[in-house]
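Let me begin by presenting the structure, written as structure tokens, before commenting on it.
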Amino acid sequence: MRRTALWLTAALSLLSILPRNASAEPRHAIAMQGEPALPGDFTHFGYANPDAPKGGEITYCVVGTFDNLNPFILKSLRTTARGVIDTIFGNLVFEPLMQRNMDEAFSLYGLLAKSVEMDEDRKWIEFHLDPDAKWSDGQPVTPEDVLFTYDVFTEKGRPPYSDRMKRVEKLEKTGDHSVRFTFNEHADREFPLIIAATPIVPKHFFDKESFDRGTLKPVTGSGPYLIEQVVPGQRIVFRRNQDYWGKDTPTKRGFDNFDRITIEYFLNATAQFEAFKKGICTAYAGPLYTGMGPLQVEREFDFPAAKDGRVIVKAYDLGIPPVVNGFLFNTRLYKFADPTVRRALGMLYDFEWANKNMFGGKLTRTMSYWQGSELSALGHPASEKEKALLAPFPGRVPADVMDGTWRPPVNDGSGQDRAALKAALDLLRSAGFRIENGVMLDPDGQAFGFEILTASQEEERLAALYQRTLAKLGIAVTIRALDGDQIQSRKQRFDFEVLIGSSGFNNSLSPGIEQIGRWGSEAADREGSFNLAGVSDPAVDAAIEAMLNAREKDDFVAAVRVLDRLLISGNYMVPMQHNPQQLIAYWNKLGNPEKGPLFGFQLPTWWVKPN
């Protein structure tokens, strides 16, 4: 008996330390760094009004077209109808297991999954589905739906969804409402959160064999809206599902207040803005809905509705790094392969002239990919941890970028700054270039020039400014204006020399796996990836890997700063300028929460004022 008792005691002790039981208890939320800010009994996100009235209609106007309602496939990758899943207008049809709180760097709270378990080393994560979660046709959301989602994404989906299972050792149903992911050696500490934030699709609705063919048939999801009308390329209308299962969950309280959402498509930004002025569009925040420029507000909001208060302009102070826009080089091309050449070209953007003459002096020069945050390399000398990360890659980062003092050249604003031209010319000469008969020749004696693709009149004006400056050194630049559909197609095939504007990068205080898609070697030549510049650098890969596997905040900050230093030093694009505030205009029938989160306005929390 005594021997049996000892054996049972030892067995129970061993079971207590097995990885499967390493997690303490199910939790309501998970965070990338530290602990989630909101307690388990929170009732709503702080930037949502739980008492917001339901009802009314809103119309958003976007530039482009659409020919597909399935956002998870390569076909029509960038012409899927807006709103099906959408970072601006909300995930109206498809939902993830957990919902992001936009007032934290990266924390997720229960949605389809009511609770979650995860071991300390993040080697596995188990989701416990909300028994009340249902698809819009009334069928329950099940573990089989989660398994099907990852099966069909792997075989028929587009990046990054098709790559998820490369980091999963085992995916299994562990109960009537539970599913567990066990990760392999390729996974990092962020990956469980990526799984939690991945949308789930219904097994009973989609046919696996035809999943990748695209569809204009209204799709079924678990989200708060149903697709009511589809006019291909012109309009999609969503109707609020009165039986939406999640309307009373804390992560959705105060959201999804409009009875009907219409998204109208326009050929260009001018037509889009004219539609807003006429009241066709209820809200406007620029062509991409990321915010307007202050000069546009100053010069173009002189129409009657703006003067008499029917149209309101609201400014949000952002707590995240700015969107990085600029002239992006396709480094897959021989002409842009030399970083010295790219650096010289970067010196020739005359921000001072552009800011004074085009933006009324109201914008700020963009210099870092995480500008204005502790993650930026600007003003921060490299720490010992950063130096250790860069030690295997000597010479990749210039001294001024390492010590945090680097700044782009400052022109005199005249548009004729000879000092800036001479500095760029000297750099090009060091790379073997020369000028003959007023024409810049590359080291092979070929005339050097390139084409810039633009998608709006403002982009054309900026490209023309750059063109004029480059012409002073004999560099021939042509500008080709394309519509949104053509631009997207060229981007998907990497069929361009230089992009402007549409190459913008939206960064956060918790950069993660998306950096692989933007800058990682594995994405450089993968059709449809967001590594538009074609970056393929082991130093960049190492920085991203260190960032994704950082356990402590100091290690995380060091890795991101190294990545920032490498991107600045690589001169993959010529960053331009940004507005430190986010501006949005809307007709006064709309109401919105007084407080905005770190990420700026959140349209899914707005409402129509009662009559």
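Read-outs throughout are calculated quantities, based only on the coordinates presented, and are distinct from any laboratory measurement. Not measured: the values here are computed from a predicted model. Here the Cβ positions follow ideal geometry from the backbone for every residue, glycine too, while neighbour counts run over all protein chains shown.
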Study note, to complete from the structure: Quick note, the range 320-405: a/c under 1.5 would make it rounded; otherwise a/b > b/c is prolate and the rest oblate (a ≥ b ≥ c, C-alpha gyration tensor); here it is oblate
**Study point:** Packing rank of 404-411, 126-133, where each peptide gets the mean count of other beta carbons within 10 Å, highest leading
**Key:** 126-133, 404-411
Point to revise | For the range 490-602: relative contact order, % (alpha-carbon pairs under 8 angstrom, 6 or more apart) | key: 17
**Study point:** Dipole of the range 470-571, positive direction: furthest Cα of 470, 549, 559, with charges on the beta-carbon
**Key:** 470
Study note, to complete from the structure: Amide H proximity to residue 225 below 5 Å, modelled H, separation 5+ or other chain, gives 241
Check your understanding: Got the relative contact order for the range 326-577 handy, in percent, Cα pairs under 8 Å and 6 or more residues apart?
Key -> 33
Exercise for review: Working from Cα positions, state the angle (0 to 90°, nearest 10) between the long axis of helix 538-548 and the longest principal axis of the chain.
Suggested key: 40
Study note, to complete from the structure: In whole angstrom, the spacing between the Cα centers of the range 437-467 and the range 552-611 equals 31
Check your understanding: Suppose every K and R has +1 on its Cβ and every D and E has -1 on its Cβ; what is the size of the dipole of the chain about the Cα centre, in Debye to the nearest 20?
Key -> 560
Check your understanding: How big, on average over all directions, is the shadow cast by the Cα convex hull of the chain, in nm²?
Key -> 30.8
Study note, to complete from the structure: Under the rule rounded for a/c under 1.5, else prolate if a/b exceeds b/c, else oblate, using alpha carbon gyration tensor axes a ≥ b ≥ c, the range 479-611 is classed as oblate
Check your understanding: Roughly how tilted is helix 553-570, in degrees to the nearest 10 and between 0 and 90, from the longest Cα axis of the chain?
Key -> 30
Check your understanding: Summing Lys, Arg as +1 and Asp, Glu as -1, what charge do residues with Cβ under 11 Å from the Cβ of residue 155 carry, residue 155 excluded?
Key -> -1
Check your understanding: Once both axes come from the Cα atoms, what is the angle between helix 484-493 and the longest principal axis of the chain, in degrees from 0 to 90, rounded to 10?
Key -> 80
Point to revise | Highest-first arrangement of 552-559, 141-148, where packing means the average Cβ count within 10 Å | key: 141-148, 552-559
Practice item. Putting +1 on Lys and Arg Cβ atoms and -1 on Asp and Glu Cβ atoms, find which of 345, 200, 287 reaches farthest to the positive end of the dipole of the chain. Key: 287
Revision key, fill the gap. Note on the range 80-220: alpha-carbon gyration tensor, axes a ≥ b ≥ c; rule is a/c under 1.5 for rounded, else prolate if a/b larger than b/c, else oblate; result rounded
Point to revise | From phi via Karplus (6.51, -1.76, 1.60), per-residue ³J(HN,Hα) for the range 205-213 in Hz, x at Gly/Pro | key: 8, 8, 9, 4, 5, 9, 4, 8, 8
Check your understanding: Hey, got a sec? Which chymotrypsin sites (Phe, Trp or Tyr not before Pro) in the range 47-78 land in a DSSP loop and have at most 16 other Cβ atoms within 10 Å?
Key -> none
Revision key, fill the gap. Highest mean packing first, using Cβ neighbours within 10 angstrom, the peptides 203-214, 89-100 sort as 89-100, 203-214
Check your understanding: So who's got an amide H within less than 5 Å of the one on residue 508, skipping anything under 5 residues away but keeping other chains? H placed 1.01 Å off N, in plane.
Key -> none
Review point. Whole-Hz Karplus ³J(HN,Hα) for the range 510-516, in order, using 6.51 cos²θ - 1.76 cosθ + 1.60 and θ = phi - 60°, x for Gly and Pro?
Key: 9, x, x, 4, 4, 5, 5
**Study point:** 222 nm mean residue ellipticity, helices alone, for the chain (DSSP H n ≥ 4; -39,500 (n - 2.57); rounded to 500)
**Key:** -7500 deg cm²/dmol
